[in-house]
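Please read the structure below before turning to the comments.
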Amino acid sequence: MREILERYIPERAVSPVFEMIKDNNVHLKIVNERKTRHGDYRRMPNGAQQITVNANLNKYRFLITLVHEIAHLLAFEKFGRQIKPHGQEWKFTFRELMLPFIRPEIFPSGLLPLIAQHFRNPKASSDTDAKLSVALKTFDPENDKNYIFEIPLGGIFRIYNGKTFKKGERRIKRYECLEVDTGKIYLFQPNAEVELLKN
């Protein structure tokens, strides 16, 4: 397991993460990319604790995702299964687990302030923290995608499932976008990755 972790997370995080996995009897599966999630936690019918993380994540996002899922396991064990999945108990647990990793030996100096800010009140997904998400993406391989906030007003774009939208106005934090085929309005996070088709 240690050798596998070395391929996916920062070197200085390998030993503490390995201990966390071992101490909590986690069965870690590294899986193909899923568009709707970076990872998940499940208690299996036989009582095993299974965590899956997408293989395509850069090492910093992989580490945050893995600790996020371990926090689910520990929060449920400590506070009971009735808690909200991303409620206060999980936030507390996630923050406590991440604190030892928020160091310059593990994360680049440009990410540290954004990570520290994020963990004051962690969200259900690092993707909903637009500043952190955009900063983390700079460590991904190049691709031909744009963020919603980069698309011009009225621009047409396509999402991962092939549906096309026309970008509308920003409403507080999200953008109102019109699905071209149905005329329905959907809200998009500013840092959602899409393919620009035309203006």
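Values quoted throughout were computed directly from the atomic coordinates according to the rules given, and no laboratory measurement underlies them. Since the structure is predicted, the reported quantities are computational estimates derived from the model, not experimental observations. We place every Cβ from the backbone using ideal geometry, glycine too, and count neighbours over all the protein chains shown.
Numbers for the structure displayed
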{"read-out": "Over 27 Å between alpha carbons, listed pairs K59/K167; K91/K173; K29/K84; K35/K131; K84/K173", "value": "K59/K167"}
{"read-out": "Packing rank of 54-64, 111-121, where each peptide gets the mean count of other beta carbons within 10 Å, highest leading", "value": "54-64, 111-121"}
{"read-out": "For segment 1-153, fraction of C-alpha pairs farther apart than 19 Å, in %", "value": "54 percent"}
{"read-out": "Which of N146, C177, L196, positive extreme of dipole for segment 146-198 (C-beta unit charges)", "value": "C177"}
{"read-out": "Cut-off 9 Å between beta-carbons: net charge of the residues surrounding F188, Lys and Arg +1, Asp and Glu -1", "value": "+1"}
{"read-out": "Test item: Cα-centred dipole of the chain, Lys/Arg +1 and Asp/Glu -1 on Cβ, debye", "value": "560 debye"}
{"read-out": "Percent antiparallel among DSSP beta bridges (both partners in the chain, rounded to 5)", "value": "80 percent"}
{"read-out": "The chain - percent relative contact order, Cα under 8 Å, separation 6 or more", "value": "14 percent"}
{"read-out": "Most mobile listed residue (T138, T36, T164) in the chain, GNM with C-alpha springs under 10 Å", "value": "T36"}
{"read-out": "Farthest toward positive dipole pole in segment 3-151 [+1 Lys/Arg, -1 Asp/Glu at C-beta], among V17, N121, N32", "value": "N121"}
